[in-house]
Amino acid sequence: MIVLEIKDIKELISKVGYKDFFLQLIDTLEEDYKNWDDFDKSPRVANHVDGGVIELMPISNDEMYSFKYVNGHPKNPDQGKFTVMATGQLSLTNTGEPLMFSEMTLLTAFRTAATSAMMAKHMAKKESKVLALIGTGSQSEFQYLAYSFIFNLEEVRFYDTDPKAMRKFEKNMSAFNVKLTACKDSRDAVNGADLITTCTADKKYQTVLTKDMITKDVFINGLGGDCPGKTEIEKELVEASTVVVEFLPQSKIEGEIQQMPKDFTCTEFHEIIKGEKSINVATHGTVLYDSVGFALEDYSVLRLIYSLAKKNKVGREMNLIPEINDVKNLFSLL
């Protein structure tokens, strides 16, 4: 099986380029969401531990199976460790044979941003020019890049409670040709925005975006509500928005809509990409994409990166599965 390390992902991105990789990934995501009914789906398996959560995210169709191991520990940066770390595997469904094992900390950042941009592509106003970021941690630069290949962005307004994170974002973004506006708070950040991403890490019910902050119809990408007991958006704003989710059974457990009554229902994105429903800011007012991250998106990035790795001869073969003539004689290896 192929094993992809951090250096291999960096090499692939360098060969392909940010733009082509994001656009290929968005195309792959759209293709897989169109084939939604072909997948065996379930909410992720979560172990809630002291200070965080550790999760497994499996999914499969008739061709391939994938899973991602991922954690979320908001206080990790205090120890010099990432809040989110991940690995993933891709296997053949008909035999269970592992094809690839890969790092997924970087790939999760790419697939999350690509999914955000894909959702906005189908639901935000086409002429959107101003992106607001509430939270400038590890995801922020990826969010800008993904959106920038779909929209003609002219300004990024940003705010974080951590000034160091804001300085980091501003430094990284200096390489890109876009106006950067550092803001004093969340209300200032969303002023005039067409696209809003909320992405904070604290594992608790909190309110970083309220209904009274929204003065025009916008597309809201709610990234931070991603586990039970963790939300970012005021309930009144959720109620006032047209809500779209990835997989309703999982979003009810982990998303912003965990604040809503148990019988709450809304549109799943696959209904839009398949043409069964049409939802967008121009006709429906403010749209909230209640993002929690779904295993289908990991499947998409894994199958794309596997194809690119084979094409570009990146990664290394590792003998993690026994190779013997008599497959019933496992003991012979010893």
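Looking for whichever is surrounded by 22 or more Cβ atoms within 10 Å (Cβ to Cβ) and touching a residue at least 12 places away in the same chain (Cβ under 8 Å) here; the options are Leu99, Leu107, Leu92. Which one fits?
Within the list Leu99, Leu107, Leu92, the selection yields Leu107.
The residue pairs whose first member lies in the stretch 238-258 and is within 14 Å of Leu288 (Cβ to Cβ) and touching a residue at least 24 places away in the same chain (Cβ under 8 Å), whose second member is polar (S, T, N, Q) and in a strand (DSSP E or B), and whose beta carbons are closer than 7 Å, counting only pairs six or more residues apart or on different chains, are Val244/Thr267; Glu256/Thr231; Gln258/Thr231. Note on the stretch 33-67: residues that are without any contact (Cβ under 8 Å) to a residue 24 or more places away in the chain and either surrounded by 14 or more Cβ atoms within 10 Å (Cβ to Cβ) or in contact with a Lys or Arg (Cβ under 6 Å, 6 or more places away or on another chain) (or both) total 2. Among the residues making up the stretch 81-123, those that are farther than 30 Å from Ser241 by Cβ, outside any loop (DSSP other than H, G, I, E, B) and not aliphatic (A, V, I, L, M) are Thr87, Gly88, Gln89, Ser91, Pro98, Phe101, Ser102, Glu103, Thr105. Filter the stretch 43-80 down to the residues that are assigned to a loop (DSSP other than H, G, I, E, B), of a type outside the set (D, E, K, R) and out of contact with any helix residue (DSSP H, G or I) (no Cβ under 8 Å at 6 or more places or on another chain), then identify the one that is farthest from Pro228 (Cα to Cα). Ranking the candidates gives Gly80 first. All of Ser251, Ser278 fail the test of being over 17 Å from His122 (Cβ atoms) and either outside the structural domain of Arg44 (by TED's automatic domain parsing) or not in a helix (DSSP H, G or I) (or both), apart from Ser251. Taken over the stretch 205-221, residues that are among the aliphatic types (A, V, I, L, M) and in a loop (DSSP other than H, G, I, E, B) amount to 2.
With respect to the conditions (1) assigned to a loop (DSSP other than H, G, I, E, B); (2) on the phi < 0 side of the Ramachandran plot; (3) over 21 Å from the mean Cα position of the chain (by Cα), Gly224 lacks only one, and its number is (3).
The values are calculated or read from the model by the stated rules, or taken from the named source; none is laboratory data. Computed from a prediction, not measured in an experiment: that's the story for all the values here. Methodologically, a virtual Cβ is constructed for each residue, glycine included, from the backbone with ideal geometry; neighbour enumeration extends over all protein chains shown.
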